[in-house]
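Presented below is the structure to which this report refers.
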Amino acid sequence: FAFDQSHSISSSQQRKYKNMCKRALQYPQVETPPPQPFLRSLKNTLNEILFADDPFRKIRNEPKMSKKIELGLRHVFPILEWARGYNLDYLKSDVISGITIASLAIPQGISYAQLANLPPILGLYSSFVPPMVYAIMGSSRDLAVGTVAVASLLTAAMLGKEVSAVENPKLYLHLAFTATFFAGLMQTCLGLLRLGFLVEILSHAAIIGFMAGAATVVCLQQLKGLLGLSHFTHSTDVVSVLRSIFSQSHMWRWESGILGCCFLFFLLTTKYISKKRPKLFWISAMAPLVSVIFGSLFVYFLHAQFHGIQIIGELKKGINPPSITHLVFTSPYVTLALKTGIITGVLALAEGIAVGRSFAMYKNYNIDGNKEMIAFGMMNIFGSFSSCYLTTGPFSRSAVNYNAGCKTAVSNVVMAVAVAVTLLFLTPLFFYTPLVVLSSIIIAAMLGLVDYEAAMHLWKLDKFDFFVCLSAFLGVVFGTIEIGLILSVGISVLRLLLFVGRPKIYLMGKIQNTEIYRNIEQYPQATTLSGLIILHIDGPIYFANSSYLRDRIGRWIDEEEEKLRKSEENSLQYIILDLSAVGNIDTSGISMLEEVNKILGRRDLKLVIANPGAELMKKLSKSKFIETIGKDWIHLTVAEAVTACDFMLHTAKPDSPEKISGVPEFNNV
């Protein structure tokens, strides 16, 4: 620390510089991580993307091969995991839950099959084979498997555009099986390839709006059954539905309307009671079956089928017949089945996984989303081979299963057995079931999907999310299911691009009596230093946002210089970029930093980097940017960068620390 007295800096500046140098000796420098071989780096990246949860950790750390095989089988078939501790108490709870959800699954299955323009018996078939498969491969203890209204309506809307269920019912039925096969194949592939994150492209707000819109459309479609209409529009938008209803006002059957309103009132009343008193959940769970029984008795004894009340008619006895030979893989229908299967399969995955995770959170256990995809996929593939159409984990049925006290997936097995008994012996009892009762069951179930409280919460919390929700809702209600889905995905992707393409960048200031620097908008009491500004970039720097960040940084500098000129303070000399939130950067981002550095150099300003991460340092080092800017201008923290710049403001111009004749570089002391 020897100084020549002939130097043109004062003794106080020398003392200050000595103190700064002493502190610098205690500051660790920003390190560049050691280079890794390309293949190892690629492997680590793929592991983070595809195996973030490290699912094979237990298997990998097990030394014995026999134990590894056992753990592998337990990983693929979760039933082998929980079956070891299964006991009689669990069985009692699962039997009660299974019988309870069967009482809901039977009438709902028949209703949703009608909604999909499929034979009602398919709703029962779909509650037999898929639940058995899920019980073996599924990881959720509470999910109750079955058909859902939205997927049923979407199946009818997409297949019905090209094939009429009335004019060509056989081909329509076979296409439904084929679409289910493709949905299961897609779901299985997503799970095996660990690509579950692709399904999450539908945001929570988009799902709320889409489900509410689909529920509204389903309810409007059921006015056909409530009013006893024989002919109805195939369109799903509200305008077409209302036009079809009111253009046939002379065909309305008052008998059907009154009966439907009575059963709808009964179903909604039971739901209200169960909501107010959760212990009475079984009332709303049994209400659909009770409605079917009383509706059938009403028609039978009063011969209501001769007075405008439409009935189901004969249901075929026996369990699921094979349908693998009925799959259609010929042009032009294979494209239609593929498109229908992919779209309905994605929706089914999004709903099923969301429902499973919700109930897993309540009981404090985890489910593997990728394993769930494989389970859903396999149950739909096997279902398509056994006369079933698309199934997933509906919320209403799973909520009943949860409230009934289920312990494991055995409740799905019990439900499947109950449905099998119904198929073998009880289907003739549904002959007189009125269609208006099925419409009432669907409407009562769908009203629960219109979650206006969640929409109001979105309005209060995030206006853009509310706009996403509203757009999805309006797209479904006034357009088609496909338009609503496209809007949901499109706006969700747009928001994702906005997050990436327009990252937040804000001015930082020092909180008094600390070495902490924070956003001055969040902390108005934070102070800024004259002659420098600190900008925090809140996100990765990619080709999509590099131009925006360059322009935004330039605007900050222009605004700060203009403010300094008006206040006649010291001119701006240092620009500190806090890159602590920049997790990654691409070549466009590096080019942007190089361009910013050149622009600042031409304006006699110095770029200073604070808190760059490992990935950032690795790429900045390879691109020679560190050599360009000088390692002395890269600091571990914002506080260190400010300290160095503050000292230089009082001793030299920002071009280089060697501007002070005879004084060594700051970081090389």
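The values are calculated or read from the model by the stated rules, or taken from the named source; none is laboratory data. Worth saying up front: this structure is predicted, and the values here are computed from it rather than measured. Please note: Cβ atoms are built from the backbone with ideal geometry, for glycine as well, and neighbour counts cover all protein chains shown. Accessible surface is based on the protein model in full, side chains and every heavy atom, while ligands, DNA and RNA are left aside. Shrake-Rupley method; radii C 1.70, N 1.55, O 1.52, S 1.80 Å.
Here are some notes:
- Taking each DSSP H run with n ≥ 4 as -39500 (n - 2.57) and averaging over every residue of the chain yields -19000 deg cm²/dmol at 222 nm.
- For a label point 7 Å along the Cα-to-beta-carbon line of His307, residues of segment 240-280 with backbone N under 16 Å: 253-263
- Once the C-beta distance of Tyr300 and Tyr452 is scaled by a Förster radius of 45 Å, the resulting FRET efficiency is 0.70 to the nearest 0.05.
- Distance between modelled label sites at Arg357 and Phe431, nm, 7 Å Cα→Cβ extension: 4.9 nm
- In the context of the full set of protein chains, segment 333-388 has a per residue accessible area of 35 Å² (1.4 Å probe).
- Cut-off 16 Å, label 7 Å out along Cα→Cβ of Thr325, residues of segment 173-191 by amide N: 174
- Linear extension gain, Glu48 paired with Val334, 0.36 nm per residue minus alpha-carbon span: 99.4 nm
- Entry note, the chain: relative contact order of 21 percent, from Cα contacts under 8 Å with a spacing of 6+ residues.
- Heavy-atom accessible area order for Asp558, Asp578, largest first, 1.4 Å probe: Asp558, Asp578
- Among Tyr574, Tyr548, the sequence by solvent-accessible area, most first, with a 1.4 Å probe is Tyr548, Tyr574.
- Efficiency of FRET between Leu461 and Ala581 - r from beta-carbon atoms, R0 22 angstrom, step 0.05: 0.50
- Cα→Cβ-extended label distance, 7 Å offset, between Leu198 and Asp632, nm: 5.3 nm
- Segment 383-437, accessible surface, carbon-and-sulfur percent (1.4 angstrom probe): 78 percent
- Amide H contacts of His635: Ile609, Ala610, Asn611, each under 5 Å away and 5 or more positions distant or on a separate chain (H built 1.01 Å from N in the peptide plane; Pro and chain starts excluded).
- Close amide-amide hydrogen proximity is noted between Gln310 and Leu435, Val436, each under 5 Å apart and 5 or more residues distant or on a separate chain (H modeled in the peptide plane; Pro and chain starts excluded).
- Karplus-derived HN-Hα couplings along segment 160-171 (A = 6.51, B = -1.76, C = 1.60, θ = phi - 60°), whole Hz, x at Gly and Pro: x, 5, 10, 10, 7, 6, 8, 7, 9, x, 5, 5
- Exposure rank, largest accessible area first [His204, His174; 1.4 Å]: His204, His174
- Accessible-area value, Tyr300, 1.4 Å probe, nucleic acids and ligands omitted, Å²: 110 Å²
- Set of lysines with alpha-carbon distance to Lys631 below 19 Å, sequence-local pairs under 8 removed: Lys22, Lys598, Lys606, Lys618, Lys619, Lys622, Lys653, Lys659
- Measuring r between the beta carbons of Ser530 and Leu497 and using R0 = 45 Å, the FRET efficiency lands at 0.75.
- Euclidean distance between Cα centres, segment 221-297 to segment 317-369, Å: 27 Å
- A probe of 1.4 angstrom, applied to the heavy atoms of all protein chains, finds Leu461 with accessible area near 130 square angstrom.
- Angle in degrees between helix 238-247 and the longest Cα principal axis of the chain, rounded to the nearest 10: 20 degrees
- 0 to 90° range, to nearest 10: angle between helix 410-421 axis and the chain longest Cα axis: 30 degrees
- Scanning residues 5 or more positions from Val582 or on other chains, those with amide H under 5 Å from its amide H are Gly539, with H placed 1.01 Å from N in the peptide plane.
- Taking the longest Cα principal axis of the chain as reference, the axis of helix 463-478 is set at about 30 degrees.
- Whether segment 99-222 is rounded, prolate or oblate, judged on the alpha carbon gyration tensor where a/c under 1.5 counts as rounded: rounded
- Computed with a 1.4 Å probe over protein heavy atoms only, the accessible area of Phe425 comes to about 140 Å².
- Label zone at Ser623 (point 7 Å along Cα-to-Cβ), backbone N below 12 Å, segment 561-589: 584-589
- Segment Thr233-Ile516, extension gain: residue separation times 0.36 nm, minus the distance between their alpha carbons: 95.4 nm
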